[in-house]
Amino acid sequence: MSDHPLNLNTVFKILRIARLYIVAGGALAFSIGALLAILEGGRCDLVRFVLGYLVVFLGDLSTHYSNDYFDVEVDKNVKQRTFFASSRVLVDHPHLRTVAKHVSISFMIISSTLAGIAVLFFEVPEEFFVIALIANLLGWIYSAPPLRLNSRGLGEITIAFVTGFIIPSAGYLVVKVRLDTQFLFLSIPFMMYGLVLSLSLEAPDIETDRKGGKWNIAVRKGKSFIFSTIFVLSFLATSTFPFYDWIIKYSIIDLKIVMFFSLIPLLTGLYGFLKVSDKNEDVNGFCYLNVLSLFIFNLLINGYFLYLI
């Protein structure tokens, strides 16, 4: 590193890897869990909320740095930049690879340490620490050899589990200190949306991933299958809300309103299903709409929960 001193320009390049616009989705997922817990009678404590989100935030950032570090050879094949693709910082500035690796490990250690502090000193349940460890581990092996989940068709399930269950459950636990049946029910459609998110992020990079040796679902099945699956998942997720409304005797939230919000990702999923085929060369716009619709859906859920509070 002596040939490349740590100056403001270097710091800016390192920060670009974080892609904070993606981290914002994690913030919304954490807030959904926390706000739902408040509605269910949990105790709102600002210190625990902030500490809990710091654990999630740093764990999320760690994944971005490790993913760019381990996928640098794949990213060299990228010809057309997409909005949610790698930052290419480590491709253009290979001397920063070691820095990115150390940043990733540091964030992972700090995230896990803060989770332990939350449990020991702030009455957060032990399950929160376990969840934090699982999330950080999954974030690392998502792209790190020898497992490299994102190259074995397991990366999609990992993202769905982390975004749909792990992150909202972290928010729920720091407020209510235990998971209950209603949260577990609602985590099912949110994991479906997490899978929609994962597939939407993969689809624009099929050719790049194929050249880089990744063997994910998008590479194996193609664009038409991906967008058909996205539509089916969106339809199933929307269908769960009237079903829950029918079987749950009492709920403080109106699941019909949640179902109405869910029509946004359902309609964008339908649009992609009707328009995309394996002959489509550029599906970036369709994927952007899917991700944007999920962001808006989560934003509306947060707004609705705040209104109820």
Original post:
Does at least one position in the range 206-226 carry a residue that is without any contact (Cβ under 8 Å) to a residue 40 or more places away in the chain, within 25 Å of G42 (Cα to Cα) and buried (at least 22 other Cβ atoms within 10 Å of the Cβ)?
Top reply: no
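Residue by residue, here is whether (1) under 16 Å from A170 (Cβ atoms); (2) at pLDDT 95 or above; (3) surrounded by 21 or more Cβ atoms within 10 Å (Cβ to Cβ) holds:
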residue: R16; (1), (2), (3): no, no, no
residue: I22; (1), (2), (3): no, no, no
residue: L58; (1), (2), (3): yes, yes, yes
residue: S86; (1), (2), (3): no, no, yes
residue: P94; (1), (2), (3): no, no, no
residue: I105; (1), (2), (3): no, yes, no
**OP:** Give L197, L173, L186 a once-over and let me know the one that is at pLDDT 90 or above, crowded, with 18+ Cβ neighbours inside 10 Å and over 22 Å from L292 (Cα atoms).
**Re:** L173
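Listed here are the residues, each with its yes/no results for (1) at pLDDT below 95; (2) β-branched (V, I, T); (3) farther than 20 Å from A160 by Cα.
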residue: L236; (1), (2), (3): no, no, no
residue: T240; (1), (2), (3): no, yes, no
residue: L266; (1), (2), (3): no, no, no
residue: D282; (1), (2), (3): yes, no, yes
residue: Y304; (1), (2), (3): no, no, yes
Original post:
Would the range 31-51 turn up any residue that is assigned to a helix (DSSP H, G or I) and closer than 28 Å to L96 by Cα?
Top reply: no
Original post:
When A118 is evaluated against the numbered criteria (1) out of contact with any Leu (no Cβ under 6 Å at 6 or more places or on another chain); (2) in a helix (DSSP H, G or I); (3) surrounded by 16 or more Cβ atoms within 10 Å (Cβ to Cβ), which criterion, by number, is the only one it fails?
Top reply: (1)
**OP:** Among what's in the range 122-158 and is out of contact with any Phe, Trp or Tyr (no Cβ under 7 Å at 6 or more places or on another chain) and small (G, A, S), pick the residue that is surrounded by the fewest Cβ atoms within 10 Å (Cβ to Cβ).
**Re:** G139
Original post:
Out of the residues in the range 271-309 that are buried (at least 16 other Cβ atoms within 10 Å of the Cβ) and among the hydroxyl-bearing types (S, T, Y), which is nearest to S228 (Cα to Cα)?
Top reply: Y271
**OP:** Could you list all residues from the range 170-188 that are assigned to a helix (DSSP H, G or I) and more than 14 Å from R48 (Cα to Cα)?
**Re:** T181, Q182, F183, L184, F185, L186, S187, I188
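The values are calculated or read from the model by the stated rules, or taken from the named source; none is laboratory data. What you see is a predicted model; the values in this text were computed from it and never measured. Glycine gets a Cβ as well: all are built from the backbone with ideal geometry, and neighbour counts include every protein chain shown.
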